[in-house]
Amino acid sequence: MSTYEKAAYLLAKLYLMRRTDFFAMEVEDIVDKASPEEIDFYYCKIIRGT
């Protein structure tokens, strides 16, 4: 799975958790501000739960 796809899943999950904080955020915002390692880390912790 690509970093962009992981960022998209993260954004969707974060939006479901806190809609008011993430309604204007886009996937590109995550990809631009986080390293691929950070996205992998948060994807594992938030999406996969490991």
Single unsatisfied condition, THR20 versus (1) in contact with a helix residue (DSSP H, G or I) (Cβ under 9 Å, 6 or more places away or on another chain); (2) at pLDDT below 95: (1)
Residue in segment 28-44 that is of a type in the set (Val, Ile, Thr) and in contact (Cβ under 8 Å) with a residue 24 or more places away in the chain present: yes
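The values are calculated or read from the model by the stated rules, or taken from the named source; none is laboratory data. Predicted, not measured: the structure shown is a model, and the values here were computed from it. FYI the Cβ positions are ideal-geometry reconstructions off the backbone, even for glycines, and counts take in every protein chain you see.
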